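Below is one structure, written out as structure tokens; the observations come after it.
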Amino acid sequence: MEGDFLRFFRNKEIVEKIVKKIEEKAKHLEIIKIMHVCGTHEWTIAHFGIRSLLPDNIKVVAGPGCPVCVTPANEIDAIANLSLEKDVIVTTFGDVFRVPGSKTSLIEAKAMGGDVRIVYSISESIEIAKKTNRKVVHFSIGFETTAPTTALEILRNPPENFSAFVTHKLIPPAMEFLLKQGCKIDGFICPGHVSTIIGARPYRSLAEAYRKPMVIAGFEPLDVIIGIFNIITQIEEGTYYVYNEYSRAVKEEGNIEALRLLNEAFEYSDSWWRGIGLIERSGLKLKSKYEKYDALKKFNMELAKEDYMPEGCKCGEVLKGEIMPEECPLFKKVCTPTHPIGPCMVSIEGACAIAYKHSIKVF
Amino acid sequence: MCLAIPARIVKIIGERAEVDIGGIIKEASIALVKEVKEGDYVLIHTGYAIAKISKEEAEELLEIWKGIS
Ligand code: SF4
């Protein structure tokens with residue numbers, strides 16, 4: 001099935017036809033800025049050269065859609081410190097391993113003797129806990145896509161030497177924060193995978209309140225082009241609704257079972273977004289009845305009450321869609337994937353890392 | 001971290017399934033998706049299926065956009 005569909009979703013002719021229509025409509029419009037909020041969308045856009053297909057006045061920018069990039073230094077510091085304790089094993093997703101905190105990254109903590117292990121899923125971390133008497137702490141980062149996996153496992157009573165440092169963040173509050181701040185955004189491409197969990201509803205009130213067109217889009221070039229076309233059409237017609245282009249995976253009501261688990265395990269918390277700041281009710285924390293699995297409480301973890309960004313790094317502006325990575329003075333000169341300065345160059349889904357990779361010409 | 005990959009369910013064993021990701025067989029949890037059966041396509045994120053992919057919906061979308069002129 002995927003093979004057949006892939007041919008279609010990458011069909012050059014259909015893409016070209018829609019691009020022509022976008023060009024026609026764009027002639028009557030001022031500069032339009034469309035923001036997406038997902039690292040995988042950034043990859044599709046860069047990889048298939050979608051920006052180069054669009055008229056000059058249609059800009060597509062990356063927002064705070066890479067979970068690793070928005071993980072603040074205070075969270076990295078806290079977990080890196082914890083990993084240095086003798087009887088603790090920290091497990092983490094590979095992407096966050098190299099993200100710099102204010103002093104060290106997890107990889108540096110490991111070099112200093114910390115027991116930090118990369119896992120592919122939270123269940124692997126629980127398997128480790130089952131085989132040791134030491135305390136295993138999983139660094140549970142990620143958006144609504146990942147949070148249900150944490151909820152599922154916590155609700156299944158893992159061993160008592162297991163706990164999670166939960167820093168899950170929620171996309172709609174971050175979108176609203178940027179809109180409230182008055183960032184110039186004319187429409188949103190909503191994150192497809194996050195939406196498989198939360199459905200289309202959370203965006204509807206946002207689209208209505210801020211009068212912004214929104215499209216939930218899939219990750220093939222045709223998906224993104226259709227998304228852009230729909231947003232431009234809505235702008236032209238003065239409408240602002242949510243179009244679910246990714247209906248093959250996203251239901252209006254989302255994933256009900258996953259939402260039930262989220263509701264059971266977590267409550268809202270205020271959460272720091274790197275380079276952006278503290279956003280009210282934009283995070284999840286474990287409910288107190290599950291506190292024996294809450295690393296924050298188990299280890300009295302202290303989090304600094306401020307954000308920290310490496311000197312000269314413009315990730316904050318990149319994450320708010322104010323600049324493109326190429327506009328950061330450190331981009332490619334000092335900051336590269338092998339020597340990343342900021343978090344957006346570390347994660348493979350970071351806008352800077354993606355821009356870097358696609359700026360290298362292969363002859 | 002945002003990434004989810006389409007995979008075909010080959011075999012269901014309780015709450016886990018063998019899934020085919022582009023020819024590679026892996027194991028994934030299907031505890032978050034109800035009502036999936038062998039042969040269905042799902043999206044896998046960090047070892048968990050998070051959504052079923054509907055062939056009908058995909059076809060419908062393509063029908064709409066194929067006709068664009
Ligand atoms: S290029 Fe490097 S320093 Fe500049 S914003 Fe991106 S990650 Fe930060």
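The values are calculated or read from the model by the stated rules, or taken from the named source; none is laboratory data. Fair warning: this is a prediction, and the values are worked out from it, not measured in the lab. So basically every Cβ, Gly included, is an ideal-geometry build from the backbone, and we count neighbours across all protein chains shown.
Results, tabulated for the structure shown:
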quantity	calculated
Residues (facing chain A (nearest Cβ under 7 Å), small (Gly, Ala, Ser) and either over 16 Å from B:Ile13 (Cα atoms) or not in a loop (DSSP other than H, G, I, E, B) (or both)) located in segment B:30-68	B:Ala51, B:Ser54, B:Ala58
Tally of residues being of a type outside the set (Val, Ile, Thr), near the ligand (Cβ under 8 Å from one of its atoms) and touching a helix residue (DSSP H, G or I) at 6+ places or on another chain (Cβ under 8 Å) across segment A:318-338	5
Conditions (1) part of a helix (DSSP H, G or I); (2) modelled with pLDDT under 95; (3) surrounded by fewer than 20 Cβ atoms within 10 Å (Cβ to Cβ): number failed by A:Glu124	(2)
A:Met301 within 16 Å of the ligand (Cβ to nearest atom), away from chain B (no Cβ under 14 Å) and part of a loop (DSSP other than H, G, I, E, B)	no
Residue that is farthest from A:His339 (Cα to Cα), among those in segment A:77-105 that are at pLDDT below 95 and of a type in the set (A, V, I, L, M)	A:Val96
Any pair with Cβ under 8 angstrom, 6 or more apart, that starts in segment A:337-359 at a residue that is free of Cβ contacts under 8 Å to residues at least 24 places away in the same chain and within 14 Å of chain B (Cβ to nearest Cβ) and ends at one that is aliphatic (A, V, I, L, M) and near the ligand (Cβ under 7 Å from one of its atoms)	A:Ala353/A:Met345
Segment A:221-257: number of residues that are outside any helix (DSSP H, G or I), more than 10 Å from every other protein chain (Cβ to nearest Cβ) and either buried (at least 23 other Cβ atoms within 10 Å of the Cβ) or under 22 Å from the mean Cα position of the chain (by Cα) (or both)	4
Answer residue from segment A:342-352, given it is more than 8 Å from the ligand (Cβ to nearest atom) and crowded, with 24+ Cβ neighbours inside 10 Å and is farthest from the chain's Cα centre (by Cα) among those	A:Ser347
Residue in segment A:304-317 that is modelled with the lowest pLDDT, counting only those that are buried (at least 16 other Cβ atoms within 10 Å of the Cβ) and more than 9 Å from the ligand (Cβ to nearest atom)	A:Asp307
Only listed residue being within 11 Å of the chain's Cα centre (by Cα), surrounded by 22 or more Cβ atoms within 10 Å (Cβ to Cβ) and more than 25 Å from A:Gly227 (Cβ to Cβ), chosen from B:Val36, B:Val19, B:Val42	B:Val19
Residue match in segment A:3-11 (condition: more than 29 Å from B:Glu57 (Cα to Cα) and either among the aliphatic types (A, V, I, L, M) or away from every other protein chain (no Cβ under 14 Å) (or both))	no
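Conditions tested, residue by residue: (1) closer than 19 Å to A:Ile235 by Cα; (2) within 10 Å of chain B (Cβ to nearest Cβ); (3) of a type in the set (A, V, I, L, M).
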{"position": "A:Glu144", "(1), (2), (3)": "no, yes, no"}
{"position": "A:Ala164", "(1), (2), (3)": "no, no, yes"}
{"position": "A:Ile185", "(1), (2), (3)": "yes, no, yes"}
{"position": "A:His193", "(1), (2), (3)": "no, yes, no"}
{"position": "A:Ile197", "(1), (2), (3)": "no, yes, yes"}
{"position": "A:Glu208", "(1), (2), (3)": "yes, no, no"}
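Yes/no matrix, rows are residues, columns are (1) touching a helix residue (DSSP H, G or I) at 6+ places or on another chain (Cβ under 6 Å); (2) of a type in the set (S, T, N, Q); (3) within 17 Å of A:Phe219 (Cβ to Cβ):
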site: B:Ile5; (1), (2), (3): no, no, yes
site: B:Val10; (1), (2), (3): no, no, no
site: B:Ile13; (1), (2), (3): no, no, no
site: B:Glu18; (1), (2), (3): no, no, no
site: B:Gly23; (1), (2), (3): no, no, no
site: B:Lys26; (1), (2), (3): no, no, no
site: B:Val36; (1), (2), (3): no, no, no
site: B:Ala51; (1), (2), (3): yes, no, yes
